[in-house]
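The structure appears right after this line, and notes come after that.
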Amino acid sequence: MENIIELSTYNKVDKNLDLDSKIDLDLVKNRNEFANIVENVIDKGANYVIRGMPINNHIKDILIDVKDSLKTKDVKEILKTAVNSSIREGLEVLSLPKEILKDISKIKDIAVSGGLREGINASIEIISKKYLGENVYSVYIKDFFDKVKDFIMSNEFLNKINAGLTKCVKKIDDFKNACNEWYQAYDKFDLESINHIANVLNKKKSNINFDSECMNQNNVIQNMTQLINNKKDKLSELQMQICSSI
């Protein structure tokens, strides 16, 4: 019962700390993408911790089940709270405007300055209580959570987040490059390339749905491609404006 109360209280606090009411949707999407990166790094780090522990396979299986609990909805909300509050605090500590969050590569340093790692470890401390107590494997579970917290305080944790952010930036750059290739094909009115690139962009849009500029550009290109196929010719200025506004 104590654990349920703690989780409920933490979730209520999350509503007060959430940034959604203070920043626009673009910034929220970047923040959520960053939270996904953090969760992924924690999951992989926990796997590494389990593999490195000098225990038999049976206990490792038990710890894997415990580790998988970090993916439940309630736990994700707790971790999201830690990310949200650290970003908010980081903006205040560094005296930065919220608009800087539009650059997803900047979020990590802001969050770390706002106590990201300490907030995550406090969250893990709450989560760990659910598995300790009278559990016959509590000594191993406690050791597991302690090692996960050590990982979160390490430079490796930050390096992994940086790697995740680098992948995000690369996906954005690659998508924008493909958009430029589409416009080059349009200038040459290479209908085959126009359709091919538009199809590629539509398939890749789910990878960059956190970036509104890319999503908007894709919408324009898809609208233009559809109209081009109907007209079999370049579009007028008015038609291009309509495609941009739909």
Response to the item:
Largest fluctuation, THR225, THR72, THR166 only, Gaussian network model of the chain with Cα springs under 10 angstrom, belongs to THR72
Practice prompt. Figure the gain on full extension for ASP109 and ASN36 (residue separation times 0.36 nm, minus the Cα-Cα span) and round it to one decimal in nm.
Written response: 24.7 nm
Worksheet item: List the aspartates and glutamates whose alpha-carbon lies under 15 Å from that of LYS234, not counting same-chain residues fewer than 8 positions away?
Response: ASP187, ASP190, GLU192
Item to complete: Just round it to a whole percent: the fraction of Cα-Cα distances in segment 135-223 exceeding 22 Å.
Response: 50 percent
Worksheet entry | GNM top mover of VAL75, VAL83, VAL136 - the chain, alpha-carbon springs below 10 Å | VAL136
Worksheet item: Which of LYS67/LYS106; LYS76/LYS160; LYS71/LYS149 have a Cα-Cα distance over 25 Å?
Response: LYS67/LYS106
Worksheet entry | Added length on full extension, which subtracts the Cα-Cα distance from 0.36 nm per residue, TYR183 to LYS142 | 9.1 nm
Practice prompt. Grab the Cα-Cα distance for SER69 and ALA122, subtract it from 0.36 nm times how many residues apart they are, and report the gain in nm with one decimal.
Written response: 17.5 nm
Discussion item. If you fit an axis through the alpha-carbon atoms of helix 25-52 and take the longest principal axis of the Cα set of the chain, what angle between them do you get, 0 to 90°, nearest 10?
Written reply: 50 degrees
Worksheet item: For segment 66-141, what is the accessible area per residue in Å², given a 1.4 Å probe and the full set of protein chains?
Response: 47 Å²
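The values are calculated or read from the model by the stated rules, or taken from the named source; none is laboratory data. These numbers were taken from a predicted model, which means no experiment stands behind them. Heavy atoms of the whole protein, side chains included, go into the accessibility calculation; ligands, DNA and RNA do not. Shrake-Rupley method; radii C 1.70, N 1.55, O 1.52, S 1.80 Å.
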